[in-house]
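S.K.: The structure follows.
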Amino acid sequence: MKFAEETSTVNKLNLFDRMAEHEQVLFCNDPSTGLRAIIAIHNTTLGPALGGCRMQPYESVDEALEDALRLSKGMSYKCAAADVDFGGGKAVIIGNPKTDKSPELFRAFGQFVDSLGGRFYTGTDMGTTMDDFIHALKETNCIVGVPEAYGGGGDSSIPTAEGVLYGIKATNKVLFGKDDLGGVSYAVQGLGKVGFKVAKALLEAGANLYVTDINEESIRAIEKLESSTPGTVKIVASEDIYSQEADVFVPCAFGGVINDNTINQFKVKAIAGSANNQLLHESHGKKLQEKGILYAPDYIINSGGLIQVADELYGVNHERVLAKTKHIYDAILEVYKLAEADGVCTMESANRMCEKRMASRSKRNGFYTPTVKPKWAIRK
Ligand code: NAD
């Protein structure tokens, strides 16, 4: 077996050192279905761990473990910032999503999730779909983000876009003293599920947009929309979006978009968009600060989808989710205020805010044990 030799070289001390910040790591092995997965639980101070399940043909166990550890830690911060009473976790399945999936594999995965007795809730991520988790749902209740027909909240890009708009409002409040969306110019990158909804709301508010997408259909759709709104749209080439003379850059396409190359081109006053992992390296947060560009930390401004899946356990209620999404406005304002007070970049102040939330609760909650069932977990 390809991985057997490799795991034997990871001595126990090394493994424990690597997971020093984590509470628990579960290696899931089911030869009959071919399941090889890792579930990492980073911190359950604020509640049971929550995080999606990725499926990827990782080159090694090492790489898969690294991803699970890194992403689960990120989820602790994201949950703390969104105030959803969940901690951070993540699962990775080692395999090719195009060729290695089967209903049995996801049922086996569901059994491992269930074995954690409520310490870990999961759902879709890169390489997995809601349909995969319908199989896992037969083995465990600890699945969120399921289709509406199965009691889920449905399309998470709706609350994600709503959250981005709240983040932009908070940003405008700091930039211009008022949180109106209109009368401001934006450079929107990506008109997909989230970006299109954000662009539409900005146009309806009377904003001036520079937009780009590699998908011609999305471009035609936004051009068509322009005529029925008070806003304006200018289409620009993919590579030109970074240098537009706009007030706010709204990245809604892919990660790593804030890097040395783009920072040199930016003329905007702020960056506020949905893309995950926008900073190519942590140091780019500081570089933005030095250039005087206000940055809405990605894991806070794009947490509307997380708020929806976390809320699903109360029973589906779109109004309640949208009401909770408003919290993003306050969180972004708090991060900006803290950054100014501490003289640090906004990513650093966001991390500090989350660490403080986790530390302040740890005396009361600490390690989450499944015997303490969340009152709001209504699914039996
Ligand atoms: P999507 O795939 O629907 O949209 C991405 C859009 O970006 C597509 O229209 C694509 O054509 C466009 N694009 C890709 N490369 C481009 C390029 N070089 N230049 C211009 N446009 C380009 O994805 P989405 O669900 O809208 O998510 C957008 C971003 O937000 C992603 O980074 C995603 O991880 C993040 N995010 C999404 C959600 C959600 O609920 N959907 C939640 C949190 C974070």
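Values in this text are rule-based calculations from the coordinates and carry no lab data. Note that the structure is a prediction, hence the values are computed from the model and not measured. Don't worry about glycine lacking a Cβ; one is built from the backbone with ideal geometry, like all the others, and counts go over all protein chains shown.
S.K.: Taking into account only those residues within region 28-57 that are surrounded by fewer than 22 Cβ atoms within 10 Å (Cβ to Cβ) and of a type in the set (Ser, Thr, Tyr), which is farthest from residue 94 (Cα to Cα)?
M.R.: Checking each candidate, the answer is 32.
S.K.: Also: How about region 247-256: which of its residues are in a loop (DSSP other than H, G, I, E, B), under 21 Å from residue 200 (Cβ atoms) and not charged (D, E, K, R)? Spell out how you get there, then give the answer.
M.R.: From region 247-256, those in a loop (DSSP other than H, G, I, E, B) are 247, 252-256; that's our starting set.
Right, trim to under 21 Å from residue 200 (Cβ atoms) and you get 247, 252-254.
Residues satisfying the conditions are 252, 253, 254.
S.K.: Does residue 126 satisfy being surrounded by fewer than 16 Cβ atoms within 10 Å (Cβ to Cβ) and within 14 Å of the ligand (Cβ to nearest atom)? I'd like the intermediate steps shown before the answer.
M.R.: On the way: surrounded by fewer than 16 Cβ atoms within 10 Å (Cβ to Cβ): yes; within 14 Å of the ligand (Cβ to nearest atom): yes.
When the stated conditions are applied, residue 126 passes them.
Yes/no per residue for (1) in a helix (DSSP H, G or I); (2) closer than 26 Å to residue 122 by Cα; (3) touching a helix residue (DSSP H, G or I) at 6+ places or on another chain (Cβ under 7 Å):
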residue: 228; (1), (2), (3): no, no, no
residue: 233; (1), (2), (3): no, no, yes
residue: 245; (1), (2), (3): no, no, no
residue: 264; (1), (2), (3): yes, no, no
residue: 277; (1), (2), (3): no, yes, yes
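S.K.: Give the residue, chosen from 282, 223, 290, that is more than 11 Å from residue 188 (Cα to Cα) and within 15 Å of the ligand (Cβ to nearest atom).
M.R.: Checking each option against the conditions leaves just 223.
S.K.: Could you tell me whether residue 140 is crowded, with 21+ Cβ neighbours inside 10 Å, in a loop (DSSP other than H, G, I, E, B) and more than 21 Å from the chain's Cα centre (by Cα)?
M.R.: Criteria met by residue 140.
S.K.: Among the residues of region 36-67, write down those that are under 19 Å from the mean Cα position of the chain (by Cα) and assigned to a loop (DSSP other than H, G, I, E, B).
M.R.: 44, 46, 47, 48, 51, 52
S.K.: Which number in (1) outside any helix (DSSP H, G or I); (2) crowded, with 21+ Cβ neighbours inside 10 Å; (3) over 19 Å from the mean Cα position of the chain (by Cα) marks the one condition that residue 110 misses?
M.R.: (1)
S.K.: What residue, among those in region 84-105 that are touching a helix residue (DSSP H, G or I) at 6+ places or on another chain (Cβ under 6 Å) and within 26 Å of residue 303 (Cβ to Cβ), is surrounded by the most Cβ atoms within 10 Å (Cβ to Cβ)?
M.R.: At the first step, the residues of region 84-105 found to be touching a helix residue (DSSP H, G or I) at 6+ places or on another chain (Cβ under 6 Å) are 84, 86-90, 92, 94, 103.
Among the residues that remain, those that are also within 26 Å of residue 303 (Cβ to Cβ) are: 84, 86-90, 92.
Details: 84: 21, 86: 28, 87: 29, 88: 28, 89: 34, 90: 28, 92: 28.
Among residues in region 84-105 that are touching a helix residue (DSSP H, G or I) at 6+ places or on another chain (Cβ under 6 Å) and within 26 Å of residue 303 (Cβ to Cβ), the one surrounded by the most Cβ atoms within 10 Å (Cβ to Cβ) is 89.
S.K.: Of all residues in region 173-188, count the ones that are among the β-branched types (Val, Ile, Thr) and in a loop (DSSP other than H, G, I, E, B).
M.R.: Final tally of qualifying residues: 1.
S.K.: Quick one: would you say residue 177 is in contact with a Gly (Cβ under 9 Å, 6 or more places away or on another chain) and small (Gly, Ala, Ser)?
M.R.: In short, no.
S.K.: Pull up region 287-301, narrow it to residues that are part of a helix (DSSP H, G or I) and without any contact (Cβ under 8 Å) to a residue 60 or more places away in the chain, then point me to the one that is surrounded by the fewest Cβ atoms within 10 Å (Cβ to Cβ).
M.R.: The residue in question is 290.
S.K.: Which residue is farthest from residue 162 (Cα to Cα), if the candidates are limited to region 189-220 and must be part of a helix (DSSP H, G or I), among the hydrophobic types (A, V, I, L, M, F, W, C) and more than 10 Å from the ligand (Cβ to nearest atom)?
M.R.: Step by step, filter region 189-220, then rank; the result is 203.
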